[in-house]
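The values are calculated or read from the model by the stated rules, or taken from the named source; none is laboratory data. Please read these numbers as outputs of a predicted model, since none were measured by experiment. Cβ coordinates were reconstructed from backbone atoms using ideal geometry, including for glycine residues, and neighbour counts include every protein chain displayed.
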Amino acid sequence: MRPRSNQPVFWLLFGAGGMLSALVGVALVFMTGIAAPLGLEPRAVMSYGDLHAFTRNWAGKAFVFAVISLFAWHGAHRIYHTLHDLGVPTGFAAKLACYGTALLVTIIAAEALLKIGF
Amino acid sequence: MAMRHTYVRSMDGWWRRDPYFLRYMAREATSVFVVTYAMILLAGVIRLSHGEAEFAAWLDGLASPWSVAFHVLLLAVFAYHTWSWFRILPKTMPPVTLGGKRLGAGAITGLGIAAAAIASVGLFALVVALA
């Protein structure tokens with residue numbers, strides 16, 4: 001019997017990240033990267049106080065964690081499969097580089113969010 | 001052992017041959033930008049956990065003209081990702097039947113894009129209301 005593939009797990013994370021980024025990616029990029037720096041929003045939405053309070057709340061923490069980690073898993077999986085399409089050998093090294101980066105992003109995000117506290 | 005010279009077909013630029021392949025590659029390329037944005041946000045959360053002064057430095061970085069220009073590019077890429085994601089969704093999800101009839105590809109794409117519009121406006125309204 002062939003060993004079971006671990007790809008469904010990565011595929012699930014890819015799908016979840018792809019869906020989340022398709023739903024709210026445009027709004028997030030607009031708010032964090034364009035509207036807030038240019039002062040387009042009615043009030044300073046991205047102030048330290050507001051965002052600190054937001055990430056202290058468990059729901060806010062979960063949202064920020066989901067966005068950062070799932071976006072990373074989505075991208076890692078897609079890049080890994082595109083490497084194959086570009087003729088790059090997708091051995092253990094490529095897998096480690098792609099999924100390892102996503103895992104690292106997940107761990108660092110969790111650590112930073114836990115440090116902010118509840 | 002004799003050297004074998006197996007023919008290996010070159011993979012250079014295969015995706016430039018056909019507009020269909022080009023669209024496929026454009027779709028795949030969005031992933032690099034999605035990861036980049038995750039990294040930008042990760043940097044922000046790390047700075048946020050380090051206190052007000054460090055977070056202010058991250059905000060200053062976001063306000064630089066290069067950063068704003070890059071985020072305009074990111075906005076276009078994410079919009080393309082949203083569109084292409086719901087364009088291929090009918091092929092990647094299991095078939096849905098409604099009242100005995102299979103939900104068409106156009107309907108799935110349309111519902112997806114509508115959901116993205118509602119989620120985006122909702123998130124924006126929520127953030128503005130909370131601020």
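Kindly indicate which of B:123, B:59 is at the interface with chain A (Cβ under 10 Å from one of its Cβ atoms), outside any loop (DSSP other than H, G, I, E, B), at pLDDT below 95 and more than 23 Å from residue A:73 (Cβ to Cβ).
It is B:59.
State the number of residues belonging to the stretch A:1-16 that are farther than 11 Å from residue A:70 by Cα and touching a residue at least 24 places away in the same chain (Cβ under 8 Å).
Of the residues in the stretch A:1-16, 1 are farther than 11 Å from residue A:70 by Cα and touching a residue at least 24 places away in the same chain (Cβ under 8 Å).
For every residue, the table says whether it meets (1) surrounded by fewer than 18 Cβ atoms within 10 Å (Cβ to Cβ); (2) within 10 Å of another protein chain (Cβ to nearest Cβ); (3) touching an Asp or Glu at 6+ places or on another chain (Cβ under 7 Å).
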position	(1), (2), (3)
B:12	yes, yes, no
B:23	yes, no, no
B:81	no, yes, no
B:106	yes, no, no
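Only one of A:114, A:70, A:103 is among the hydrophobic types (A, V, I, L, M, F, W, C), surrounded by 19 or more Cβ atoms within 10 Å (Cβ to Cβ), assigned to a helix (DSSP H, G or I) and modelled with pLDDT of 95 or more. Can you tell me which?
Just a single option satisfies the conditions, and that option is A:70.
Taking the condition of a type in the set (S, T, N, Q), in a helix (DSSP H, G or I) and within 17 Å of residue B:30 (Cα to Cα), does residue B:84 pass?
yes
Among B:52, B:28, which is out of contact with any Leu (no Cβ under 8 Å at 6 or more places or on another chain) and exposed (fewer than 14 other Cβ atoms within 10 Å of the Cβ)?
Criteria check complete, one pass: B:52.
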